[in-house]
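Heads up: the structure comes next, in structure tokens.
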Amino acid sequence: MHDIVIRGGTIIDGSGAKGYTGDVALDGDRIAQVGGKAGPGKREIDAHGQIVTPGWLDIHTHYDGQATWDPVLAPSSWHGSTTVLMGNCGVGFAPVRKADHDCLIDLMEGVEDIPGIALAEGLEWNWESFPDYLNVLGSMDRTIDVAAQVPHHPLRVYVMGDRAVRREIATATDIEAMSRLTEEALKAGAFGFTTSRTEQHKTTKGELVPGRFAEDQELFGIGSALGRAGRGAFGMLSDFEDESSEFEWMRTLSKSTGRPIWFLLTDRSYDPQRWVRLMDGVRSARKSGANIIAQIAGRPVGIILGLTTSMNPFAARPSFAALSKLSHEERLARLRDPAVRARILSEEPSEALLAIQPPLQRPLASRWERIYILGDPPDYEPDQSRSIEGLAAQTNLTPAEYCYDYLTAENGDRMLFYPTTNYVHGDHGVVHDMIADKDTILGLGDGGAHVGLICDSSLPSYMLTHWARDRHRGPKFPLEFMVKRLTSEVADFFGFHDRGRLEVGKKADVNVVDAAALRLHHPELCHDLPAGGKRLVQRVDGYTATIVSGTPIFEKGEDTGARPGRLVRATA
């Protein structure tokens with residue numbers, strides 16, 4: 001008798017093959033049968049009219065701190081993710097010396113918008129080395145599996161101290177130490193190394209991150225550790241100021257180490273052909289024998305604007321900024337004062353306040369044609385009729401007046417959508433082309449990060465609802481293709497050898513989904529981080545069951561209380 005039998009669902013096995021009807025049987029933490037008629041089970045789940053898939057692998061998260069205190073890791077776990085990979089964008093919390101705790105908190109708060117007060121309250125810092133950190137992660141029972149990469153900025157600070165913060169050039173001794181520590185971390189189970197080379201990433205004080213201008217020899221030195229260890233991927237976010245130079249060192253590193261390299265790719269409004277050139281660079285590099293790939297998002301990287309979130313269109317106006325320390329209720333009352341309204345609307349954004357914002361966020365102070373009503377259910381591919389400019393044109397108000405009045409109405413908790421990237425042409429045409437490209441992998445959900453600005457850990461669910469079912473402004477994708485992108489493709493790239501497909505002997509991570517009923521909720525703000533820190537979360541309907549290692553963790557959206565999740569350590 002099997003432990004669990006999932007009866008009569010449409011099996012979409014993660015390979016990209018067409019779905020078919022059959023049973024899936026689970027014994028212990030492994031898949032025992034896929035297809036056909038299974039024997040009896042101690043527990044049976046009726047999946048008729050539903051799809052049965054592998055659990056999703058979310059390869060771009062920032063739960064580095066949260067994973068040390070929170071066993072559930074919602075909202076990722078709500079949306080069918082059974083494995084999450086953190087340590088992205090070069091930020092994290094290991095290795096670390098006690099004197100640098102505040103420095104790493106400041107980095108994470110500035111780069112990933114995770115409240116510093118929550119991190120200071122939640123982190124116990126019962127580790128120093130990266131292997132120590134993995135051991136702490138491995139000691140905790142949790143809902144879903146977690147895995148980690150070595151982040152460049154903590155590594156640099158650990159080796160170089162204040163010289164790293166001042167972005168000084170690493171010496172040969174520094175590079176050797178960083179390489180040795182990276183190899184140690186990889187052999188302890190890290191899935192790779194990540195860095196950040198962008199103006200978008202700054203500390204809370206507006207300073208660039210420690211590895212922003214790391215020279216090629218530093219990257220080669222650290223990257224060589226992946227070759228020696230025979231495992232791990234090298235990942236980064238770059239501004240690609242010199243595209244040919246960036247591709248040159250990536251090609252050389254990948255070919256010399258035999259290891260894969262990925263970088264984050266989005267389109268940019270100031271250079272709509274940038275993503276096309278970068279994909280041409282990927283294809284050229286791959287043709288030369290380098291294993292380079294672009295990691296993409298499945299929808300625009302969009303900021304959620306509002307009076308309760310971390311940003312809104314009036315934040316850079318001095319009179320609005322002066323109210324920032326008030327409670328939401330006090331600020332809302334002041335904003336409804338006609339004199340305060342008139343004063344704020346009469347002001348121009350302050351250059352000083354704009355300067356501390358990342359470059360891609362600065363235009364939101366005036367781009368009314370690119371700010372949209374989010375709606376419920378949320379619309380991530382809105383047309384111009386849903387823009388603030390379009391809605392204001394139907395009234396006697398200016399766009400700024402319309403937006404101000406919209407945000408201050410009701411309870412002051414309304415939300416707007418501002419796509420910073422991947423929406424140059426006002427639709428998902430570019431995103432479609434990126435998803436269709438065989439030289440990309442799907443990620444960039446940022447679960448655990450930008451908690452007051454972005455809520456994209458719902459991306460796995462969105463790939464099924466929007467791209468495989470609901471899209472009406474352009475072509476869609478087959479459901480089997482989307483499931484493959486969420487499972488086997490990323491599992492194979494990063495070396496999660498035991499998961500990503502419904503195959504006999506693979507790990508029993510499974511989703512049972514009522515695809516017709518799958519629905520994203522409107523994002524909501526909650527204060528459940530340590531010290532009452534706030535974050536955006538997004539709920540979903542339609543997951544009948546999510547199973548990790550053969551144990552149901554969610555059934556019909558409810559947490560079962562089971563904690564079968566573990567730390568996943570990379571192997572060669």
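Worth a mention:
- Tensor-based shape of the range 440-509 (alpha-carbon gyration tensor, a/c under 1.5 rounded, otherwise prolate or oblate): oblate
- When Cys526, Cys89 are compared by accessible area at a 1.4 angstrom probe, the order from most to least is Cys526, Cys89.
- In order through the range 333-341: 3J(HN,Hα) via Karplus (6.51 cos²θ - 1.76 cosθ + 1.60), integer Hz, x for Gly, Pro: 4, 5, 5, 7, 5, x, 5, 5, 4
- Once the C-beta distance of Lys255 and Glu558 is scaled by a Förster radius of 56 Å, the resulting FRET efficiency is 0.70 to the nearest 0.05.
- Shape call, the range 182-300: gyration tensor on alpha carbons, a/c limit 1.5: oblate
- Contact order normalised by residue count of the chain, Cα under 8 Å, 6+ apart, percent: 22
- Three-way shape label, the range 331-413, alpha-carbon gyration tensor, a/c 1.5: oblate
- When only the Cβ of Lys, Arg, Asp and Glu is charged (+1, +1, -1, -1), the dipole of the range 22-92 relative to its Cα centre reaches about 180 debye.
- For Leu567, distant residues with modelled amide H under 5 Å away: Val146
- The residues of the chain expose, per residue, 36 Å² of accessible area to a 1.4 Å probe.
- Positive-pole candidate from Gln66, Trp125, Val91, dipole of the range 38-133, charges at beta carbon: Gln66
- Evaluated over the range 229-351, the Cα radius of gyration and Dmax, each in Å: 22.5, 65
- In order along the range 77-92, the Karplus-derived 3J(HN,Hα) couplings, from 6.51 cos²θ - 1.76 cosθ + 1.60 at θ = phi - 60°, round to 5, 5, 9, x, 6, 10, 9, 10, 10, 10, x, 7, 6, x, 10, x Hz, and Gly and Pro are given as x.
- Once all protein chains are placed together, Met160 keeps about 10 Å² accessible to a 1.4 angstrom probe.
- Dipole magnitude of the range 8-131, debye to nearest 20 (Cβ charges: Lys/Arg +1, Asp/Glu -1, about Cα centre): 740
- Note on His101 and Asn396: the extension gain reaches 100.9 nm, defined as 0.36 nm multiplied by sequence separation minus the Cα-Cα distance.
- When the alpha carbon coordinates of the range 272-319 are projected onto the principal axes, the ranges are 56, 18, 14 Å, largest first.
- Restricting the calculation to Cα atoms, every distinct pair contributes to the Kirkwood radius of the range 6-57, found to be 11.2 Å.
- Pairs exceeding a 28 Å alpha-carbon distance, out of Lys287/Lys484; Lys18/Lys287; Lys18/Lys438; Lys18/Lys255: Lys18/Lys287; Lys18/Lys255.
- For the range 352-405, the fraction of 1.4 Å probe accessible surface lying on carbon and sulfur atoms is 54 percent.
- Across the protein chains, with a 1.4 Å probe defining accessible surface, the residues Asp13, Asp439 rank Asp13, Asp439 from largest area downward.
- As a fraction of the 1.4 Å probe accessible area of the range 449-572, surface on carbon and sulfur atoms comes out at 51 percent.
- Every helix of 4 or more DSSP H residues in the chain counts as -39500 (n - 2.57), and over all residues that averages to -8500 deg cm²/dmol at 222 nm.
- Residues with amide H under 5 Å from that of Ile45, placed H, sequence gap 5 or more: Val5, Ile6, Arg7
- For the chain, the calculated P(r) over all alpha carbon pairs, in 20 Å bins from 0 to the bin holding the longest distance, is 21, 55, 23, 1 percent.
- A probe of 1.4 angstrom, applied to the heavy atoms of all protein chains, finds His48 with accessible area near 120 square angstrom.
- Residues Ala339 and Ser385, FRET efficiency given R0 of 25 Å [Cβ-Cβ distance, rounded to 0.05]: 0.15
- Counting protein heavy atoms only, the range 242-331 has 50 percent of its accessible area on carbon and sulfur, 1.4 angstrom probe.
- FRET efficiency for Glu215 and Ala352, using Cβ-Cβ distance with R0 set to 30 Å, rounded to 0.05: 0.40
- In a fully extended conformation the segment linking Trp125 and Asp492 would gain 128.9 nm over its present Cα-Cα distance, using 0.36 nm per residue.
- Along the range 387-403 the Karplus relation, 6.51 cos²θ - 1.76 cosθ + 1.60 evaluated at θ = phi - 60°, assigns HN-Hα couplings of 7, 4, 4, x, 5, 5, 5, 8, 10, 9, 9, 6, x, 5, 5, 4, 5 Hz to successive residues, with x for each Gly and Pro.
- Database remark: amide H of Ala38 closer than 5 angstrom to the amide H of Asp23 (H placed geometrically; neighbours at sequence offset of 5 or more, or on other chains; Pro and chain starts carry no H).
- For the set Glu410, Glu503, the ranking by accessible area, highest first and with no ligand, DNA or RNA atoms included, is Glu410, Glu503 under a 1.4 Å probe.
- Projecting the Cα positions of Ala342, Ser319, Ile303 onto the charge dipole of the range 278-352 (unit charges on Cβ atoms of Lys, Arg, Asp and Glu, taken about the Cα centre) puts Ile303 furthest along the positive direction.
- With all protein chains modelled, accessible area of His425 [1.4 Å, Å²]: 130
- Estimated dipole of the chain in Debye, rounded to 20 [Cβ of Lys and Arg +1, of Asp and Glu -1, Cα centre]: 880
The values are calculated or read from the model by the stated rules, or taken from the named source; none is laboratory data. Note that this is a predicted model, so its numbers are computed, not measured. Counting neighbours? That spans all protein chains shown, and the Cβs are built from the backbone with ideal geometry, glycine included. When the accessible area is computed, the model is the full protein with side chains, heavy atoms only, and any ligands, DNA or RNA have been set aside. Shrake-Rupley method; radii C 1.70, N 1.55, O 1.52, S 1.80 Å.
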